[in-house]
Amino acid sequence: MTESWLEELSQEQCLALLRTENVGRIGIILDGLPLVLPINYELVEMNDRLCLMFRTRSGNVIDRAAAEVAFEIDGVDPSHRRGWSVLLRGTLQHVTADNTLLRAHFDPNSWLSADRDAWLVLEPSTISGRRLVEATLKWAFHESAYL
Amino acid sequence: MTSKLHESSEHMAQRPTTAASVSHDDLQSLDSTEASLLLASHHLGRLAFAFEGWPVVLPVNYVFDDPTIVIRTDLGAKLSAAPFHAVAFEVDDSGTLGEWGWSVLAQGPAFDITDADEAHCRLLRTLPVEPWAPGERDHWLMVTTVNLSGKRFGRVPELDGSAVRSSGEQSGDTR
């Protein structure tokens, strides 16, 4: 088996990956039990402020979850033993602003949009990422060129 | 502010075009047979557990040996001490444009069987679970599925059959 290793991604690399995806998994704790569910998101970068926007159905498990959440995106190529993952930790809050304004600027374009009228914002406190590197792989350019 | 917003919309434009949003009525529950089938036919999932009051989500490789999910991962020194009395495990896949998708959620207790001497645990450790990220301190974890549920929308190739199949096992390959 080819030896592979994990390397930490920089904040900028994590952000670059967050910009390219539009679906991830949110980890929540509901009644003391962890849950993880896929969800569409929109990365919002404004005035040095960074957050993720979600839309979900009012009253569902994500809407009712504790404020402390985790959010994960990944991309894995099992056949080449390559991949990466980015994990955010932060607080989830309800957004009460006018829906029209939110839709105009921050809509995560959920694949399932009907009744997704609860808008939530995740303010990350930590962002970290890892990438699995195959030992035999020679980078032709500086690694940032691949992101 | 306007320029930042503009940048943000440019990033969106580089993404694959999203298929027309699916009506909520199209989101259906998977029955346990479908959920087991999807769990058994995939090998990358995400393990979630609470650690110091916060949820942690980690991508892991696994093999499903009904009703047990066998995971191999390097948790790192810190997470090795995490309590695994209740964990969640999730697997999903979707079409590139979001025209179909499914997710399966398993919940139950997890046990670290890295050094367990029972015959059953020794047997589980012979399963072909490739650790996604090989580490010095590889752990074998066993999640006993107590709750199994799932959702789907659109035409799921693995359940409905289709000439157009996902090009990779995981959604990450196709995006």
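Brief remarks on what is shown
- Interface A-B: total buried accessible area of about 4600 Å², 1.4 Å probe, protein heavy atoms only.
- Cβ crowding within 10 Å averaged over residues, with A:126-133, A:64-71 ranked highest first: A:64-71, A:126-133
- By accessible area, using a 1.4 Å probe on protein heavy atoms only, chain A has 53% of its surface on carbon and sulfur.
- Within region A:41-89: Cβ-based charge dipole about Cα centre, in debye rounded to nearest 20 (Lys, Arg +1; Asp, Glu -1): 140
- Per-residue shielding of A:124-130, expressed as the average number of other chain Cβ atoms within 10 Å of the residue Cβ, stands at 1.
- Inter-chain Cβ neighbour average for residues A:69-75, partner chain, 10 Å: 6
- Portion, in percent, of the accessible area of region B:93-161 that falls on carbon or sulfur, probe 1.4 Å: 53
- When each of the peptides A:14-25, A:98-109 is scored by how many other beta carbons lie within 10 Å of its residues on average, the order from highest to lowest is A:14-25, A:98-109.
- Per-residue mean of foreign Cβ neighbours for B:122-128 is 0 (Cβ atoms of other chains, 10 Å radius).
- Relative contact order (percent, whole number), chain A, Cα cutoff 8 Å, 6+ residue spacing: 34
The values are calculated or read from the model by the stated rules, or taken from the named source; none is laboratory data. Everything quoted here is computed from the prediction, not taken from an experiment. FYI the Cβ positions are ideal-geometry reconstructions off the backbone, even for glycines, and counts take in every protein chain you see. Heads up: the accessible areas ignore ligands, DNA and RNA and are worked out on the full protein's heavy atoms, side chains in. Shrake-Rupley method; radii C 1.70, N 1.55, O 1.52, S 1.80 Å.
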